[in-house]
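First comes the structure, then the notes that go with it.
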Amino acid sequence: MVKFLLGILVGVLIFFLFLYFGGGKSIQKVGEGLIDTGKKMEAVEELMQKEKDGALKDVKKKILKEEKEVQKKTQ
């Protein structure tokens, strides 16, 4: 029971400290930072996708070239 009351007391204390130190304004600043981070991550993901596609094309070309060489050797 003591732990439960202590948990409620700590929760109320954290809530009042949140309101005292800016409340919604601090959440808004954090949200803006997360939006910027999300945009940067999207750009990185697009770049990685392009690089992956380019690498796959190179690998496919190399595999096809090796298959053609093997076919020439067997004939």
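Among the residues of segment 47-68, what is the count of those that are under 23 Å from the mean Cα position of the chain (by Cα) and among the basic types (Lys, Arg)?
2
On the basis of being of a type outside the set (Phe, Trp, Tyr) and not in a helix (DSSP H, G or I), does GLY22 make the cut? Show your work before the answer.
Values: of a type outside the set (Phe, Trp, Tyr): yes; not in a helix (DSSP H, G or I): yes.
Answer is yes for this residue.
Here, each number is a calculation from the coordinates, and none is a lab measurement. The model shown is predicted, which means the values in this text are computed figures rather than measured ones.
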